[in-house]
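Okay, structure first, notes after.
The values are calculated or read from the model by the stated rules, or taken from the named source; none is laboratory data. Model, not experiment: these values are computed from the prediction. Here the Cβ positions follow ideal geometry from the backbone for every residue, glycine too, while neighbour counts run over all protein chains shown. Only protein heavy atoms, including side chains, enter the accessible area calculation; ligands, DNA and RNA are left aside. Shrake-Rupley method; radii C 1.70, N 1.55, O 1.52, S 1.80 Å.
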Amino acid sequence: MRRIVIIGGGIMGSAIAYSLARAGVVADVTVVEPDPTYEFAATPRAVGGVRLQHAVPENVEMSLYGDTVYSAFDQHVVGGKVTFDPQFHRIGYLFLVEGAEAIASLEANVRMQKELGVEVDIHDVAELRRRYPSFTFKGAEAGALSPGDGQIDPNAALMGYRRAAEGLGITYLKDRVVALDMAGNKVALARLESGATLPVEIVINTANCWAADICAMVGVTVPIAPMRRQQFHFLSQDPVETFPAIRYLNGFSFRQHSGVYLCGHTNFGEPPGFNWELQHDVFEEQLWPQLAEQCAAFETIKPRGGWVGHYDMNHLDGNPVIDWIDSVPNMLLCAGFSGHGLQHAPAVGRAVKELILDGGFRSIDLSRFSYRRIVDGTPIPDDGPKA
């Protein structure tokens, strides 16, 4: 069997390792992960949404498969010595827009989503206020509501995949890839920080926010870089009815989560890179006033801090690359998920197994997420919710 080295043991690398193991490929698969605690990894710092509203059909299909897996995780991810429950539950998702152009785009996307089997409908603001009377929906004219969207425990999903892969015989090394040696135009050897080396016949780059660094080792440049996502959580003194995760066209979002409320913020205008500062002033001066405009109960709240995570942002079009690299034909790049990685990991694990063992995509055709579009600079049109 071919020697396969997976660089990065987060949710994506572990889902791929698990899928390969289920297909009987175990002995020569090694996952290299520098931090098994995943302190700075994207997945444990995610909110855990599995949303079905996307503007790219392949993303909808991957989310639907993610829903299938996460909603019955113990039936789909097996083999580990320890059982992990991602605690999937349906919270719904409401994407709000304003303006004739945005509404027309929303209507087109909803038609596509319905054709793929998503339960989703567009409502005007009057109907939304009837359903959720605590909210004003200021700044919106219409919203697409998909009540089946889910919420999971991200860390449980990650560890479930990892422990299942290990239970099936996949080797995880606590180490870091520091160089890739070439033989002609192919990767032949992975050099590790410990001084050890791994022979390579196939290398899979699932290094997430560090994926561009791995590509640079073989002279390849990709527009993937960390993008900070801040999550602030707070309590409200006044009761509010149960409501779905709400996102506005400008990226402002909030939701209920484990007994508190979360308000998410990504400044797509700031320079990419790792930034671990939680900007409390952004919450107090920008986000809190917007929350108070949306819901009177949020005029008096108790901030409870928050956390910072990072997307592996594809700055070309906000969509992943899931493909062999033309110039390095034994390197697979699976990165640039731009906030969708957790919900799409089950589908990507299956898809990469198909690329390696079956010679191409079989379940969902993901050829649209090609590496060639990066080289050509041809982004995928995507007017759906960002991140």
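At-a-glance table
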quantity: Close pairs (9 angstrom Cβ cut-off, 6 or more residues apart or separate chains): over 24 Å from Met112 (Cβ atoms) and polar (S, T, N, Q) in the range 122-147, open to solvent by less than 40 Å² (accessible area, probe 1.4 Å) and assigned to a strand (DSSP E or B) anywhere; calculated: Ser134/Cys295; Thr136/Cys295
quantity: Residues within the range 334-367 that are open to solvent by less than 10 Å² (accessible area, probe 1.4 Å), among the aliphatic types (A, V, I, L, M) and under 15 Å from the mean Cα position of the chain (by Cα), tallied; calculated: 4
quantity: Some residue of the range 83-103 being on the phi < 0 side of the Ramachandran plot, modelled with pLDDT of 95 or more, part of a helix (DSSP H, G or I) and under 18 Å from the mean Cα position of the chain (by Cα); calculated: no
quantity: From the options Val118, Val125, residue that is at pLDDT 95 or above, within 21 Å of Leu342 (Cβ to Cβ) and of a type in the set (Val, Ile, Thr); calculated: Val118
quantity: Identity of the residue in the range 54-107, of a type in the set (Asp, Glu), touching a residue at least 60 places away in the same chain (Cβ under 8 Å) and closer than 30 Å to Phe135 by Cα, that ends up surrounded by the most Cβ atoms within 10 Å (Cβ to Cβ); calculated: Asp67
quantity: Test result for Arg163, assigned to a helix (DSSP H, G or I), more than 27 Å from Thr242 (Cβ to Cβ), in contact (Cβ under 8 Å) with a residue 12 or more places away in the chain and open to solvent by 70 Å² or more (accessible area, probe 1.4 Å); calculated: yes
quantity: Residue ranges of strands (runs of 3 or more DSSP E) in the range 224-314 with at least 2 members open to solvent by 20 Å² or more (accessible area, probe 1.4 Å); calculated: 224-236, 253-257, 260-265, 301-314
quantity: Residue in the range 189-204 that is in contact (Cβ under 8 Å) with a residue 12 or more places away in the chain, assigned to a loop (DSSP other than H, G, I, E, B) and closer than 29 Å to Pro385 by Cβ present; calculated: no
